[in-house]
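Trainee: One structure, pasted below without further comment.
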Amino acid sequence: MGLHLIEIAKAVAPCSHALQIVDGAGWYGATALNVPDNITLLKLPPYAPELNPMENVWAYLRSNKLAITVSDSYEDILNKCADAWNFFANDPDRITSITQRDWVTVN
């Protein structure tokens, strides 16, 4: 997570600040996590999937790409998950339709 935040920090415009919204995963609150000065982490409240668009992504992948499958090995599971993710990641219109919130306004 620290390396990920460093990469985000590099992309933040000079004299700007980024807000990274995070869920309740433990590594966001790890004492050893160094958050760059130009990033603030905003933790979502527990049990608030409507605020986390990734919940819709996981639900979509489970329902449409990973449901009703049988895997012969751990490698097979990894390959199916990678194929599902790549299918999703290569379709920007699908990403927008699944993660968009009608109640969010951008000024």
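Trainee: Cross-link candidates for residue 65: which aspartates and glutamates have Cα within less than 12 Å, leaving aside residues fewer than 8 places away along the same chain?
Mentor: Filter leaves 83.
Trainee: Further question: Work through the residues other than residue 51 whose Cβ is under 11 Å from its Cβ and net out their charges, Lys, Arg +1 and Asp, Glu -1.
Mentor: Result for the neighbourhood of residue 51: -1.
Trainee: What length, rounded to one decimal in nm, is gained on full extension from residue 86 through to residue 54, with 0.36 nm per residue of separation minus their alpha-carbon distance? Could the numbers behind the result be given before it?
Mentor: On the way: separation 32, 0.36 × 32 = 11.52 nm, distance 1.51 nm.
Full-extension gain reported as 10.0 nm.
Trainee: All other residues with a Cβ under 12 Å from the Cβ of residue 98 taken together, and with Lys, Arg as +1 and Asp, Glu as -1, what is their net charge?
Mentor: That sum, taken over residues with Cβ under 12 Å, equals -1.
Trainee: For the residues 81, 15, what sequence is obtained by ranking on other C-beta atoms within 10 Å, fewest first?
Mentor: In order of increasing Cβ crowding within 10 Å: 15, 81.
Any read-out appearing in this document is the output of simple, stated calculations on the displayed coordinates, not a laboratory observation. Every value quoted in this text rests on a predicted model; they were computed, and no experiment measured them. Reconstructed Cβ throughout: ideal geometry from the backbone, glycine too, with neighbour counts over all protein chains shown.
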